[in-house]
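Inspection log for the structure reproduced underneath, given as structure tokens.
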Amino acid sequence: MQRYSTKAIILRRVNYSEADRVITFLTPTHGKIAVIAKGVRRVKSRLAGGIELFSESEVTIVEGKGSLDILASARLKKYYKNIVSDYSRVTAGYQVIKYVNQLAEDDAGSEFYDLLLDSFEALDELKISIGLVEAWYKLNILKLMGSEPDLTSDNAKHKLVEGETYSFDFREGTFSPDKKGNIKSTHIKTWRLLLANQPAKVSKVKGASEAVDESLEVLNKLYNHQLN
């Protein structure tokens, strides 16, 4: 039987029979794969330590005779322990896993894998606000899906202006100048930063976390509108 090794992140675990689990992995080279981990729920299982949630593992998979391949070995590369130490970070972690599992195709390339790993890295850093990480992964998921907002021009194709306030048209995905609008140019600038940089770098920019918090409600509405 053929076998291969790859880096992997767990997207889903489901108990199966008395001691087994069916695990859905996301990998950078083989997309999404579902495998059966035999005997993993037994106390002395050698596989159990290598398949923790919120971790990256090196796994070896053997081609199965049925619809599922078999997990032959799993070695933990990195466990993001700070995520599980904080309920809010756990919740945010589950959310990004859920989104990636829903949106990534079975033959997904490395883009979703990298996004998920970078999200874990940021959530594991307690100095980075959860809201900033959430804004980062939502904007970058929109970018991967080709649905990110135009952050350079308004609805009339005029350049967005420093100091102006805007409202957002969710149907068109554009900003329009509005003196009573709830989107400031500082919010738009921060969104640009989030699309171009890792959360750790953006978190060091003065006022970035505050700008994210102020604009997160609009971003959440945009995200839900574009992907639902």
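Taken together, the values in this text are just the output of simple stated rules run on the coordinates, not laboratory data. This structure is a prediction, so every number in the text was calculated from the model and none was measured.
What full-extension length gain, to one decimal in nm, is calculated for residue 4 and residue 95 as 0.36 nm per residue of separation minus the Cα-Cα distance?
Numbers: separation 91, 0.36 × 91 = 32.76 nm, distance 2.94 nm.
Full extension of this stretch gives 29.8 nm more.
If the viscosity is 1.567 mPa s and the temperature 4 °C, what translational diffusion coefficient in µm²/s does Stokes-Einstein give for segment 28-139 when Rh comes from Kirkwood over Cα pairs? Walk me through the numbers on the way to the answer.
On the way: Rh = 15.2 Å.
Value of D from the Cα-based Kirkwood radius: 85 µm²/s.
Determine, at each q value in 0.11, 0.14 (inverse angstroms), the log₁₀ of I(q)/I(0) that the Debye formula gives when each Cα of the chain is one equal point scatterer.
Treating every Cα as an identical point scatterer, log10 I(q)/I(0) equals -0.62, -0.88.
For a 32 Å ceiling on Cα separation, which of these pairs sit above it: 32/159; 127/189; 81/184; 77/201; 127/179? Don't skip to the end; give the middle numbers.
Working: 32/159 40 Å; 127/189 21 Å; 81/184 36 Å; 77/201 24 Å; 127/179 34 Å.
The answer is 32/159; 81/184; 127/179.
Quick one: angle between helix 87-103 and the longest Cα principal axis of the chain, in degrees between 0 and 90, rounded to 10, please.
80 degrees
What's the extension gain from residue 65 to residue 87 if we count 0.36 nm per residue and subtract their Cα-Cα distance? Show your work: numbers first, answer last.
Working: separation 22, 0.36 × 22 = 7.92 nm, distance 4.03 nm.
Net length gain for the segment: 3.9 nm.
Give the cross-link partners of residue 7 among the aspartates and glutamates, using a straight C-alpha distance below 12 Å as the criterion and excluding same-chain residues fewer than 8 apart.
56, 58, 114
Show me, for segment 40-46, the HN-Hα J-couplings you get by feeding each phi into the Karplus relation (A = 6.51, B = -1.76, C = 1.60, θ = phi - 60°), rounded to Hz, glycine and proline as x.
Once θ is set to phi - 60°, the couplings for segment 40-46 become 5, 8, 7, 4, 9, 5, 6 Hz.
For segment 120-175 and segment 21-63, what is the separation of their C-alpha centers, rounded to whole Å?
Value for the Cα centre distance between the two parts: 34 Å.
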